[in-house]
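Worksheet: one structure, shown below.
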Amino acid sequence: MKKLTFPIFLLLASLQSMAQNKTITLDYSKPLTIDSQKVDVTKPLVIHATNCKSSITNPLKIEILYGNADKPSQTLVCDKDIAVDIPAIFKTDGAKQEITVSIRADKTKAGDNELTVSFKIKPDGTLTSASQQTPDGKPGTAGTPLPESTVDFVNPAYLTAVYKAPDNCRKPVVTYNPCCNIYAVKDNETTADEKEYLRYYSRLSKNKGVVFLIKNFNTFKYDITLSNTFDNNVTEEPALFKTVFTLMSPSAVAAKTPGMEAELVRLVKLNKDLKNYLDKKMNDGDCISSTDFETEKKAIVDKIKTEFKTAGDVLNFDDPYNTAKDKFITTERLNNPAYSSADFNKRMQTEYSLPVTPDSIVTETKKILRLLVNTSFEYQYNVPQLQNADAITFNLNIKPKEGINAPVHVTDQPITIPIRFGWKVDFTTGVYYSSMRNEKYALRDVIQGDSVIGKDLVKEGGDNFGKSSVGINALMHIFPRLGHVQPALSLGVGTSLDLNYSLLLGASVILGRQNRFALSAGANWSSIKTLSAKYLDDNGKMVRQVKTVTSIDMHSKVKSGFFVSLTYSLGLTSKTQKVAGTENTAKPEAADKKDEKKEENK
C-alpha cells in the first residue's frame, strides 16, 4: 500500500495541473505586460499578482473587471492565485465574440493614478494584450519596457564598508535590552562592570547627566517613547518640629532618448533594490546588530553616490535625472511652448510602460532612502543634568509600528535607578530617652515627741532623682546619599510628660532608602524644674521649713545631658520632578510630507 502512495500523489498533481491553464503573473515591480498566448476555454484561467505590497508603501488594491461579460468584479489579493471561470462566462454569454478582462490597481493615495492592464479572450482561446491605461485615464498602447539595470545597490558584496562607531562618550549610561527585558547601569557603554546606582555631580562637574540607551533593536518595526522623572523620598516636616521652630512628485523622462532611458533604468532599479532591502529588514528579527546595520547603510549610501555621481547629500541622487528631464522639456518646447512637466511624465510612463510616473518614482525613492538614512538600530535618550534627588525613573514604552505584527510589547514600564551623593534633608519621628528629668521634692513632717516641729525637704525618685525620662521627638537629618546605610547630622526637639521641650543635637545612622529608620544619639538641652534657692543655706544644704509650709516653689533652669533616639520616616511621600530629556531618533516624516506636497503641486 505504501508503495502506491507516491505514484498516486504524482498522478493527482498531474491531473490538477491539467485542470487549469498556465498562470498569468502580473509583476508590479516591473512594467505590466500580458504575453499573447492561447488558452483552453474549457478550463479556468489563473491570475497571480506579485510585488504589489511593500512594508514601506501602501499595498495596491487590485480588481478584476469583466467589461462585456455578465460577471461581477473580483478582488485580486497580492501573492495569492485567483481563478477566472472562462467556461462559465462563455456558457452564460455564448453570443459574445470575446471577453475583455481588465485588471485595475490603485494605490489608494491622493495623487496616484490607477494602473490598468487589459487583455481579450476569444472563443477559440486566443489571448491578446489589449491596452494599458495611461496616467490620464485614456487607453493607449503599451510601451517598450525598460531594460533591467545591471547595478545592484544592495548586493552583499558591496555591504563591506567600514563603519566607525562613535567615540565612547556616552557615560554614565543605562542600557536596556528589550528582547531579554533587562537593564544595566554602567559608567560607560563599553564596560562590563555594572553598578547599582547613578552618581549625582554638581553643576560644576563634567559628568552631569545620564544616557538611556537601547542598542541592537530593529526600529523599522517598533516605536519607542521614553520619559523620566526625578523622585525624592521625603517625610513632611513633623508638627512637633514646626511647633518649636515656628521659624514622499511628478516630473518627466524623455522617451526613446538614450540619456533619459539610462536615468530611468537606474532610478527604477534603485527604487526596487531599496524596497527589497527594507522589506528584508522588516522581516528580520527584533534584536539585530546596530553596528552591522550601520555598516550596510554606509555601503548602500556610498554605492548610490558612486553610481549617481553625487558628491554631497545622497538624497540629491536625482540631479542627473532632473538635468536630463529639463533638457528634454526644453527641446519639446521648441515645437510646443506649453509642454509641461506633467506632459513629460505622462509620455514617459506610456512610452516605457511604467506603473507610475517617473517623478513619482523619484519621490518614493527619496522617501525610502530618507527613512533608511535616518534610521538607527539604537535609541538614545539623554538627560543632560541629574537632579539632586534620590532616584531617576524612566518610563518606557515599546510597541510595534502600525500594521506590523511583532512580539515585543513594553507598556508604561518604570525603570528606577537610585542616585547617590548630593546632600539631602529629611525628617523622622519616634521615641527618645533623655538623661534628665524635672526634680521633684516632698515635705516630710519632723516630729518631736507628739508634736510636729517643722518640715524637711526630701528628694523623690531615689536613685533616679532628676534623670531618666522618656518622650517623643522629631529630628531633621542632613546627610549625603551614600546607600542603604548612611550617617547623618541630626537636629531636633523632644518632649515628654515630665519635661518641657528639649533641644537635641547629635549624629544618626539611617537605615533604608524609602522607609527609613534612624538610630540617633547626642547632646540634650532642656529647661528642667529644680528647687528654689530660698530653701538652701549658704552651703547649699536644704533648710528645714516651718510646719505651716504646704507647697514647694520650683525654679526653671537649662541643663544639658545626653539622649538616645529611635525614629522612623512616618508620613513618607514621594515628590517627583519631571524633567524633559532629549532623543536622538531622526524623524523624516516632515521632509516626506514636503516631498508629497511638492508632487501634488506638480
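Take Tyr197: with every protein chain present and a 1.4 Å probe, its accessible area is about 50 Å². Can you classify the range 400-444 as rounded, prolate or oblate using the Cα gyration tensor, where a ≥ b ≥ c are the square roots of its eigenvalues, rounded means a/c under 1.5, and otherwise it's prolate if a/b beats b/c and oblate if not? Judged from the Cα gyration tensor, the range 400-444 comes out prolate (a/c at least 1.5, a/b above b/c).
Out of every Cα-Cα pair that the range 463-518 contains, those further apart than 14 angstrom amount to 60 percent.
Across Asp538, Asp343, the residue with the most accessible area heads the list, and the full order at a 1.4 Å probe is Asp538, Asp343. What part of the accessible area of the range 423-578, given as a whole %, is carbon or sulfur when the probe is 1.4 angstrom? Carbon plus sulfur share of accessible area: 57 percent. Assign one of three labels to the range 423-578, namely rounded, prolate or oblate, based on the Cα gyration tensor with a ≥ b ≥ c the square roots of its eigenvalues; rounded applies when a/c is under 1.5, prolate when it is not and a/b is larger than b/c, and oblate otherwise. Prolate shape, in that a/c is at least 1.5 and a/b is the bigger ratio.
Accessible surface ranking for Met282, Met542, Met260, 1.4 angstrom probe, highest first: Met542, Met282, Met260. Which shape class applies to the range 336-416: rounded if a/c is under 1.5, otherwise prolate when a/b exceeds b/c and oblate if not, where a ≥ b ≥ c are the square roots of the Cα gyration tensor eigenvalues? In terms of gyration-tensor shape, prolate. Solvent-accessible surface of the range 423-578, averaged per residue with a 1.4 angstrom probe and all protein chains in place: 57 square angstrom.
For the range 274-377, the Cα-based Rg and Dmax, in that order, read 17.4, 59 Å.
Here the Karplus curve 6.51 cos²θ - 1.76 cosθ + 1.60, taken at θ = phi - 60°, turns the phi angles of the range 291-305 into couplings of 5, 4, 5, 5, 5, 5, 4, 4, 5, 5, 4, 4, 5, 5, 4 Hz, with x standing for Gly and Pro. Taking Lys and Arg as +1 and Asp and Glu as -1, the other residues whose beta-carbon sits under 14 Å from that of Ala406 total 0. Close amide H contacts of Asp390 (hydrogens built in the peptide plane, cut-off under 5 Å, sequence separation of 5 or more or a different chain): Asp231, Asn232, Asn233. Within the assembled protein chains, the solvent-accessible surface assigned to Asp313 is about 80 Å², based on a 1.4 Å probe.
The values are calculated or read from the model by the stated rules, or taken from the named source; none is laboratory data. Treat the numbers as computed from the prediction; the structure is a model and nothing was measured. When we count neighbours, we look across all protein chains shown, and the Cβ atoms used for this are built from the backbone with ideal geometry, even at glycine. With ligands, DNA and RNA removed, areas are computed over all heavy atoms of the protein, side chains included. Shrake-Rupley method; radii C 1.70, N 1.55, O 1.52, S 1.80 Å.
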